[in-house]
Every structure is written in C-alpha cells, then in structure tokens.
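Chemist: Following this message is one structure expressed as structure tokens.
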Amino acid sequence: MLEQYDRWIEQIKQALEKWGLYEIDGSFRTIVVSGMGGSGIVGDYIAVINDSYGGLPVLVYKTYETPAVLSGEDLVLAISYSGNTYETILFVKKSLERNARVVIVSSGGLLEKLSIENKLLFIKIPEGYVPRTSMPSMLINTLSLLSRSGLSKITRSDVEDTLNHLENTISKAKSIGEKLAEFIHSREGLVTITSHTPYQPLLIRGKNEFNENSKLHVRIEIIPECFHNDIVGWEKPFSRNNVSIVFKDPDNTVGTKLLEYLIDIYRENGVSVFEIDLSGPNILAKLIYGSLILGYASVYLAYLRKVDPLATHSIRKYKEFVDSNLKYWGV
C-alpha cells in the first residue's frame, strides 16, 4: 500500500502532460462538486484553492441530493474514481434534470457510460490506483479544466512548483509519516488532527485516511472555530491518553500564534502533541505535502496495528446493501 503513495509524483506528472487538454465554454454562477470519500475531498481542496487563488465559488456536496437552487447557471463536477459511486451517479442524474452543465472526472464505470449517453465532457483518470490514493490525479486534472476554462486562477506553473517541491520532500514526508504512526501507536488514545484555517480539508483528508487505512476513529479541530466549542471538551475528558497531530503553516502568522495557544491547552490537559510544519511554495503544495504525510502515517499505523490498509469491509458491506436496494436509488 505504501507504493500507492510513492506514485504521487508519477500521478502529478501524468496530469501535467494533459494540462490544458480539456476546456468548457460558458459563464457560470458557481462550481458545484459532487463526490464521496476520497473523490469528494477533491472538491474540498478545489474550494480552498479557488478561495486562495481566485476563481468561481465552489460548493461541495457529498450526498445524492441536489440543492434546490441548482440550475443551468451552475457547473457540476462529478468526481468518482471508480465511476460507480451511487450517490454521485444519482446527483448527476438530478443535475441533468435541473439543466446544469455537468463534467465527469473518473476512470470509467457507470459514470463514463452516463457521459456517453448524455454527451457530457468526460475527463479520464488513469486506472490502477486504489481510489483514495488517486487524489493527486483527480485534483490536478480537474484544476487543469478549471484553469483552462477561466474558472480558476491557478496556473500550470503553480502545479510545476508543487511537483518540484514534492520530488524534494517525499522521502522526508515518508519518514515523518512513519514517526507519526509510531507516536500514535505508542499512546493508543483518541487522535485529533488540528490546524488553522484554511486547512480544514487537509484535516478531513487525514481523518478519512486513518478511518480507512488504519481502521481508527479520528476527530478534527480547526482554528478559529474550535475556540468556540471544542476546547471546552478538554476540560473533563473521559481519558487523558489523547493525541493531537498539529499542522502549522509557518507563513500564516495569525494561525501559528493561535496554534501555540491551543497547544498550551492541549498540554495542560495531558494531550500528547506531534507538530508538523506545512512546507511548500503555495497552498496546493502544502495540501499535497500534508496529505502525503497523513497517507504514509495511516498505512504505517495499519501495519503496527496488524490490519490490512487496503481492505474496507464496512464500506463493502454498505455497497452490498445499496446494491440490494437499488430500487430506492433510481440508479
């Protein structure tokens, strides 16, 4: 499973080779992203990137229900690595009923068939990856479309800088991931991933990685919102054997200062803290770097816990349940 993350550089290079290949014309009110799990997080990353670089507002829906306001003024990006995610398929069908423009990002499956039937733009993602580890490919290919279409101000140069940074830091990321896994395993307490805005998507990504790869429940805390609720929960926890993974962007002065205050609260309440600096020339690079550390850590932790990082039995059972009740989905 580690080799899947080793190939992130390869994924970015492949996506850069197709940069600018896809374009969609027209003007839109919003970008609406539909996706679940490792595909849905791509939408969260795009939202943060557009907030940072400039571009259309991005709304992310991890559900089978479309918003009532969705119309022909909106661009829907349906992202599913397998192309067989029922929630995303249903979202696409409902989006088409509302006359929204739809683009599909996938490796194939039923969504590819749906794109052919409805003459939708289909962005083909390379096959052969575990869906949750194909995030760089889905993300960069989607950003390419948005950049080429004038819907995001991120550029090819930003992605090239990200690639260069990753090539120089992947060994470090792997080493940090292994140390983080050992840190968590030695304490066996509740794990919290913490950072400051705008890195909430990174924390969600990390939570999902530990859920799926390590078979572990994890919670997140994001500054400044956590100062209005979460910190009170540390006053009287059931257990003092807790861990916080703290991601800090050294270029964010306010966020760094607030994190220092929160770390003091953690330590006062017996929380073990593992601090990680987000390095990189831009926010895309920092998101990718942080994601890679968390990916490696979740796999190393799985090995320490003697569980298979690849297997997701509960998700398989859920999909079997959905398969047996398709009449309720209309897929």
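Chemist: Label points 7 Å out from Cα along the Cβ direction at residue 119 and residue 314: separation in nm?
Modeler: 4.5 nm
Chemist: On to the next question. Assign one of three labels to the chain, namely rounded, prolate or oblate, based on the Cα gyration tensor with a ≥ b ≥ c the square roots of its eigenvalues; rounded applies when a/c is under 1.5, prolate when it is not and a/b is larger than b/c, and oblate otherwise.
Modeler: Judged from the Cα gyration tensor, the chain comes out prolate (a/c at least 1.5, a/b above b/c).
Chemist: Classify region 1-133 as rounded, prolate or oblate, taking a ≥ b ≥ c as the square roots of the eigenvalues of its Cα gyration tensor: rounded when a/c is under 1.5, otherwise prolate if a/b is larger than b/c and oblate if not.
Modeler: Prolate, since a/c reaches 1.5 and a/b exceeds b/c.
Chemist: A further question on this structure: So what's the net charge close to residue 241: Lys and Arg +1, Asp and Glu -1, counting the other residues with Cβ under 9 Å from its Cβ?
Modeler: Values: positive: 187, 240; negative: 188.
Residues close to residue 241 contribute a combined charge of +1.
Chemist: Describe numerically, in nm with one decimal, the distance between label points set 7 Å from Cα along Cα→Cβ at residue 179 and at residue 17.
Modeler: 3.5 nm
Chemist: I would also like to ask the following. Which order, highest average first, do 291-299, 131-139 follow once you tally other Cβ atoms within 10 Å for each residue and take the mean per peptide?
Modeler: 291-299, 131-139
Chemist: Once amide H atoms are built 1.01 Å from N in the peptide plane, which residues 5 or more positions from residue 101, or in another chain, come under 5 Å H to H?
Modeler: The answer is 74, 76.
Chemist: Hey, another quick one. Among residues other than residue 28 whose Cβ falls under 9 Å from its Cβ, what is the net charge (Lys/Arg +1, Asp/Glu -1)?
Modeler: Its environment carries a net charge of 0.
Chemist: Any chance you could run the full-extension gain for residue 27 through residue 239? It's 0.36 nm times the residue separation minus the Cα-Cα distance, nm to one decimal.
Modeler: Length difference between fully extended and current span is 71.0 nm.
Chemist: What share of all Cα pairs of region 138-247, in percent, falls into each consecutive 5 Å distance bin?
Modeler: Going out from 0 Å in 5 Å bins, region 138-247 shows 2, 9, 14, 18, 18, 15, 11, 7, 4, 2, 0 percent.
Chemist: ³J(HN,Hα) across region 11-27 via Karplus (A = 6.51, B = -1.76, C = 1.60, θ = phi - 60°), whole Hz, x for Gly/Pro?
Modeler: In residue order, the calculated couplings are 4, 5, 4, 4, 5, 5, 4, 9, 4, x, 5, 10, 8, 10, 8, x, 10 Hz.
Chemist: What list of ³J(HN,Hα) values in whole Hz, one per residue of region 180-188 in order, does the Karplus curve 6.51 cos²θ - 1.76 cosθ + 1.60 (θ = phi - 60°) give from phi, with Gly and Pro shown as x?
Modeler: 5, 4, 5, 4, 5, 5, 6, 9, 6
Chemist: Hey, which lysines would be in cross-link range of residue 18, C-alpha to C-alpha under 26 Å, not counting anything within fewer than 8 residues on its own chain?
Modeler: Candidates past the 8-residue exclusion: 113, 119, 124, 153, 286.
Chemist: I need two numbers for region 167-313: Rg to one decimal and Dmax as a whole number, Cα atoms only, in Å.
Modeler: 14.6, 44
Chemist: Measure off 7 Å from each Cα along the Cα-to-Cβ vector at residue 153 and residue 323, then give the distance between these two points in nanometres to one decimal.
Modeler: The modelled label-to-label distance comes out at 4.8 nm.
Chemist: If you don't mind, another one. Mind listing the long-range amide H neighbours of residue 244? Cut-off is under 5 Å, sequence gap 5 or more, other chains count too, H placed in the peptide plane at 1.01 Å from N.
Modeler: The list, which skips near neighbours in sequence, is 192, 272, 273, 274.
Chemist: What order do you get for 56, 75 when you list them from fewest to most C-beta neighbours inside 10 Å? Walk me through the numbers before you get to the answer.
Modeler: Values: 56 18, 75 25.
In increasing order of surrounding Cβ atoms, one gets 56, 75.
Read the figures in this text as sums done on the coordinates, not as results from a lab. Remember, predicted model here, so these are calculated numbers, not experimental data. Note: ideal-geometry Cβ built from the backbone for every residue, glycine included; neighbour counts use all protein chains shown.
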